[in-house]
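Below is one structure, written out as structure tokens, with a few remarks after it.
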Amino acid sequence: NFTFNVNCMPRMIVQAEGADESCVTYVMHDEDHTLGNSLRYMIMKNPEVEFCGYSITHPSESKINFRIQTKGGLPAIEPFRRGLTELNDLCQHVLNTFEVIIMKFIHIFCV
Amino acid sequence: MAVPRSRVDEIRNCITLTEYGVRNVHTTDFPGNYPGYDDTWSQKRFEKNFRINIINMDDSTVEFDMIGIDCAIANAFRRILLAEVPTMAVEKVFIYNNTSIVQDEILAHRLGLIPIKADPRLFEYRNSGDEEGTEIDTIQLQLKVKCTRNPKATKESSDPRELYVNHMVYSKHIKWIPIGNQADHFGEAVIGPVHEDILIAQLRPGQELDIVMHCVKGIGKDHAKFSPVATASYRLLPEITFLEPIEGELAEKLKKCFSPGVIAIDVLEGKKLARVANARLDTCTREVLRNEELKHKVKIGRVRDHFIFSVESTGILPAAVLVSEAIKVMMSKCQRFLNELDLAQME
């Protein structure tokens, strides 16, 4: 039985928030290196971010701890949201480029 | 002490193979790491540098270069191809009769691994706990074969192919039983195994199989049978640079250090001169670094952002479609978390 597509389950909760909202660990459920490493790369590309890293809590748990620390008291949710948006836009461009090039290839070689 | 810019560029752009190790493996182009470089993410700069070239493509395989992207993201696409692009596969096997030598559980496992040609994009995931299944989430297949003696066989024959009928059960014996309006909905696109010649079991006269299977939508993370690819991998483009011209006998030695076709030798005015003909063919062997004469004359490495992807489909969907689907899966991951952030903020 598969329960990978659990939409009812909370996929993300904020952990260890405390008083400082510029240092936050997000728990992302049902995710692994696939999103973790890509998102870490995108967020580390943001100059307002002091630290960004993730870890897989345990091999038998399918969730990651995703930590962001920002400079100058900026709320960590901002680079988090920006990272996700930028990663999405990046993928959109890759998809567009790939589909255009596939259409061209089919046009040249398969007509 | 200031490091020359050329050296910094080398660290940033090239993974270097040395005699005893591999240097500059990790991505380091983050803001604050290199003075004088603007490493802030810029979609515009990315779009300017990003390129894809198709090397070759047919329905089952696609080989392409993806240039100007970080390995974190290239690796995400590879991982999604292996484990998160959905397909349809046999999940439930109802064995009404199995008198063959293959045990029920082995048979069920074998059936699960047969690629089923059905577009997973037209189906939904089955809810956990749902045992019945409906036309939107289930494909029903039947395998009903009985082995008998061949009455036309000659008396002295000892060849099973002549003696028996239906003694080899192949995937082509699996028949699709449409549920609800599936027959109208899919029409010409008949659902069934991708390959018709997969041997499932061998029977002897009197033995039979009577099996009904339910195929559901799933992903490779749950079970490898749902993986849509035979292989999906990438390698980095090899790069070979000569620090000084390599001539004469040394050129011949150099050529022998690499795979055929990597190094070519030109003869100029009776003098042999080595040249890199096709670095792509290189397997990144470090043989050249074992040669005392050559190791200081050659630099070998790999281009950090040039990925040579190779994707081989199991035949359920064309390989190029799988790559598109993988990118879409990645986008839906981002979208899902963005939605969740919006929801959390509204509360």
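The values are calculated or read from the model by the stated rules, or taken from the named source; none is laboratory data. Predicted model only: the values in this text are computed from it and were never measured. Cβ coordinates were reconstructed from backbone atoms using ideal geometry, including for glycine residues, and neighbour counts include every protein chain displayed. Heavy atoms of the whole protein, side chains included, go into the accessibility calculation; ligands, DNA and RNA do not. Shrake-Rupley method; radii C 1.70, N 1.55, O 1.52, S 1.80 Å.
Would you check which residues across region A:62-100 are open to solvent by 40 Å² or more (accessible area, probe 1.4 Å) and over 22 Å from B:Ala72 (Cα atoms) and list them?
Residues satisfying the conditions are A:Lys71, A:Gly72, A:Gly73, A:Val100.
With region B:63-180 as the region, which helices (runs of 4 or more DSSP H) entirely inside it contain at least 1 residues that are under 27 Å from the mean Cα position of the chain (by Cα) and touching a residue at least 40 places away in the same chain (Cβ under 8 Å)?
Helices (runs of 4 or more DSSP H) meeting the threshold: B:71-83, B:104-112.
Condition check ((1) open to solvent by less than 60 Å² (accessible area, probe 1.4 Å); (2) at pLDDT below 95) across all residues:
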| site | (1), (2) |
| --- | --- |
| B:Phe186 | yes, yes |
| B:Val190 | no, yes |
| B:Ile198 | yes, no |
| B:Gln202 | no, no |
| B:Asp210 | yes, no |
| B:Ala224 | no, no |
| B:Val229 | yes, no |
| B:Ser233 | yes, no |
| B:Leu236 | yes, no |
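Filter region A:78-100 for residues that are more than 7 Å from chain B (Cβ to nearest Cβ) and either touching an Asp or Glu at 6+ places or on another chain (Cβ under 8 Å) or under 23 Å from A:Asp20 (Cβ atoms) (or both) and give the result.
A:Glu78, A:Pro79, A:Phe80, A:Arg82, A:Gly83
Looking only at residues that are surrounded by fewer than 18 Cβ atoms within 10 Å (Cβ to Cβ) and closer than 27 Å to B:Phe307 by Cα in region A:101-111, which one is farthest from the other protein chains (Cβ to nearest Cβ)?
Applying the filter and picking the extreme gives A:His107.
Name every residue in region B:187-198 that is in contact (Cβ under 8 Å) with a residue 12 or more places away in the chain and over 16 Å from B:Thr314 (Cα atoms), in order of residue number.
Of everything in region B:187-198, those that are in contact (Cβ under 8 Å) with a residue 12 or more places away in the chain and over 16 Å from B:Thr314 (Cα atoms) turn out to be B:Ala189, B:Val190.
Which condition does B:Asp59 not pass, out of (1) under 23 Å from A:Asn37 (Cβ atoms); (2) outside any strand (DSSP E or B); (3) within 11 Å of another protein chain (Cβ to nearest Cβ), if it passes all the others?
(1)
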